[in-house]
Amino acid sequence: MPVNYLFILFVALILTGCAKTVPDASHTTEPELNHTAHAKVNKTPNEAIPSKATVIDPTKVDDVWQRIALQLSFAPSQHPSVQKRVAWYLQHPNYMDEISKRAGPFLHYIVDEVERRGLPIELALMPLIESDFDTSAYSHKHASGLWQLTPLIAKHYGIKIGPWYDGRQDVIDATNAALDFLSYLHKRFDGNWYHAIAAYNTGEGRVARAINNNIKHGKSSDFFHLKLPKQTRHYVPKLLAAATLLRQKKMKFPPIKNQAVIDILPLENGVILNDLLTWQSLEKLNPGYTRFPALLDGPTHIVIEKKHTSQWHNYIAQQPKMPSNQWQQYTIQPGDSLSVIAQRHSLTVAQLTTFNQLKSTRIRAGKTLLLPILADKKIDYSVKSGDSLWRIARTFNVTVSKLKQWNNLSKETLQIGKQLTVFLAPL
C-alpha cells in the first residue's frame, strides 16, 4: 500500500475521533439514587485508594457525630438548594452548640436504633431538621416532640396521648414510631429515601401525586423535580446539607460522647414522686409526662440517667404498696358509675380501671376504689395585655415549655383573652 494512502487514512481516523459529541454537563440533572441502608458513597475518580485501608469501627469512636459521619450513605449533592442551606449553617456557627446540648442525652440512643434496624444513618439527623432536638416542640399542624409526630400518625403506631402523658414527647416511643413510619414510606416509594423523607414531612399522598403528575407529563420524578410545598422542597436539602457539613467537616459539631448516658427501665405501675429534688433530671428525660411529678398513664418504661439507675431501683423498692400517701380511698356510693367517678376526679375510665386492676366497668356500692392524689392544681388563666409566655411562666413558677405543652402552643405569641391551662405544684 502506498505511503501517501496510509498517511491519508491515518488523518481521517483522527478527524473522525475528534468529531464525536461530548456530553453537555450543563444539561445533567442532580442524581438521586434509590438509596438502600447499605449504599456506599462512590469515590471520586481522582481519589487514591490505599492498598491497605484502615477500617474504623463507628461504634468505637469517641464522638457520636463522628460515628454518624463515618456511616453517611446518601450521595453528596451539589444541588443549589442544598448548597444554599450549607451556606446558612456556615453563617450561624454557634447553631450547633445548642443542638448538641439538647441532643446530648438522646442522640446515642437514636443512632443505636437506626443502626439496629439497618436504616441509613442520615435518619438520625432528622430530629435536627424537625425540631432542633427540642422535645417540647409543637407545630401549627399539632405535631409534637423531637420527631414532630402528628396525633394521627402517633396513634396509628400505638403511641398514647392523654391528659397526663403524650408519647410523642417520649424519646423512646416517638423514635420507634418515627422509624416504623419511615420504613413504611421507604417501601411505599419503592426504596427511594428522598421520596420517603419528603412524604414524612408533607404526607405520602401529596408526594405520590407529584410523582405521578411528572411521569404523566414526561418529566423526571426525582425529588428535585417534584412540585411540592415550599417547606418540603427545603426539607430534604436541609437534611443533605447537615450531612454535607459532617462529611466535609465544614462546621464544628460540639462533641457528644459515644456512649449510652440513659437507661430504659421498666415502670409497671404509676408513681407520684415525693422526692422532687432527687429526681429533677426525670422531667427532662421523660418529657412525655405532662403533669410531672405524676408519672401516670404513660408507657411501661422510664428513662433514667445511668448514674442514677441503682438509686431509682432502691426508690421504687421502698415505695409503699397502695394505698399510700400518694393515693386516696373512695367509697362507691349508690348510683355511682366509673364514668361519673372518673369525671368528678379529672380521670378517664381507662385510668380508673388500670389503677384498680378492674376486669370490667361494673362496680358495687360500698366497695372502695383507689384514686391518685394529684400533685398539682389546675387553673385557667386569661391572657391580658402585655402578657408573654415568659411572664406568665415566671408568675406561676412553671416553665415556658410546660405552658406550651399543656396548651398545645406552636409559637410564643399570645392573643388577649385566650384561656391558658396552668398546673400549680403544691406548696
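Where the centroid of each part is defined by its Cα atoms, how far is region 339-359 from region 264-292 in Å?
First find each Cα centre; the distance between them is then 21 Å.
Expressed as a whole percentage, what fraction of the accessible surface of region 327-424 belongs to carbon and sulfur atoms when a 1.4 Å probe is rolled over the protein heavy atoms?
48 percent
For His345 and Asp380, compute 0.36 nm times the residue count separating them, minus their Cα-Cα distance, and round to one decimal in nm.
10.9 nm
List the residues, sorted by chain then number, that are 5 or more residues from Leu276 or on another chain and whose placed amide H is less than 5 Å from its amide H.
Long-range HN contacts for Leu276: none found.
What residues qualify as long-range amide H neighbours of Leu267, i.e. H under 5 Å apart, gap of 5 or more or another chain, H built at 1.01 Å from N?
His301, Ile302
State, to one decimal in nm, how far the label point of Arg247 lies from the label point of Ala208, with both points 7 Å from Cα in the Cβ direction.
3.1 nm
Which entries in Lys257/Lys307; Lys252/Lys284; Lys249/Lys411; Lys307/Lys404 show an alpha-carbon gap greater than 22 Å?
Listed pairs above 22 Å: Lys252/Lys284; Lys249/Lys411; Lys307/Lys404.
Near Ser183, within a Cβ-to-Cβ distance under 15 Å, what is the net charge of the other residues, with Lys and Arg +1 and Asp and Glu -1?
Result for the neighbourhood of Ser183: -2.
Which ³J(HN,Hα) values, rounded to whole Hz and listed in residue order, are derived for region 172-188 from phi using the Karplus coefficients 6.51, -1.76 and 1.60 in 6.51 cos²θ - 1.76 cosθ + 1.60 with θ = phi - 60°, glycine and proline given as x?
Once rounded to whole Hz, the list reads 5, 4, 5, 5, 4, 5, 4, 6, 4, 5, 5, 5, 4, 5, 4, 5, 4.
Out of residues 5 or more away from Asp166 or on other chains, whose amide H comes under 5 Å of its own, with H placed 1.01 Å from N in the peptide plane?
When sequence neighbours closer than 5 places are left aside, the close amide H contacts are Tyr289, Thr290.
Among the trypsin sites (Lys or Arg not before Pro) within region 351-418, which fall in a DSSP loop and have no more than 15 other Cβ atoms within 10 Å of their own Cβ?
For trypsin sites (Lys or Arg not before Pro) across region 351-418 that sit outside H, G, I, E and B with at most 15 neighbouring Cβ atoms in 10 Å, the list reads Lys359, Arg362, Arg364, Lys367, Lys384, Lys411, Lys418.
Per residue, how many Å² of accessible area does region 327-424 show with a 1.4 Å probe? Display every interim value, and only then the final one.
Values: 6070 Å² over 98 residues.
It amounts to 62 Å² per residue over region 327-424.
On average, how much accessible surface per residue is there in region 169-209, in Å², for a 1.4 Å probe, leaving out ligands, DNA and RNA?
32 Å²
Given R₀ = 25 Å, what would the calculated FRET efficiency be for Thr353 paired with Tyr315, taking r from the Cβ atoms and rounding to 0.05?
E(calc), rounded to 0.05, equals 0.40.
Grab the alpha carbons of region 214-364, take their convex hull, and tell me the volume per residue in Å³.
In region 214-364, the Cα hull volume divided by residue count equals 241 Å³.
Considering the alpha-carbon set of region 262-318 alone, what are its Rg and its Dmax in angstrom?
Rg then Dmax for region 262-318, in Å: 10.2, 26.
Residue by residue, what Karplus-based ³J(HN,Hα) values in Hz, rounded to whole numbers, does region 275-284 have, using 6.51, -1.76 and 1.60 with θ = phi - 60° and x for Gly and Pro?
So the J values, rounded to whole Hz, are 9, 5, 5, 5, 10, 4, 6, 4, 5, 5.
Which value, in Å², gives the accessible area per residue of region 262-318 when a 1.4 Å probe is used on the protein heavy atoms?
Ligands and nucleic acids excluded, the figure is 47 Å² per residue.
In whole percent, and with a 1.4 Å probe on the protein chains, what portion of the accessible area of region 262-318 is carbon and sulfur?
Carbon and sulfur: 48 percent of the exposed surface of region 262-318.
Between Ser281 and Lys219, take the C-beta separation as r, use R0 = 56 Å, and let me know the FRET efficiency to the nearest 0.05.
0.60
The values are calculated or read from the model by the stated rules, or taken from the named source; none is laboratory data. Just so it is clear, the model here is predicted, and its values are computed rather than measured. In this analysis, Cβ positions are derived from the backbone assuming ideal geometry, glycine residues included, and neighbour counts consider all displayed protein chains. Side chains are part of the model used for accessible areas, which takes the heavy atoms of the whole protein and leaves out ligands, DNA and RNA. Shrake-Rupley method; radii C 1.70, N 1.55, O 1.52, S 1.80 Å.
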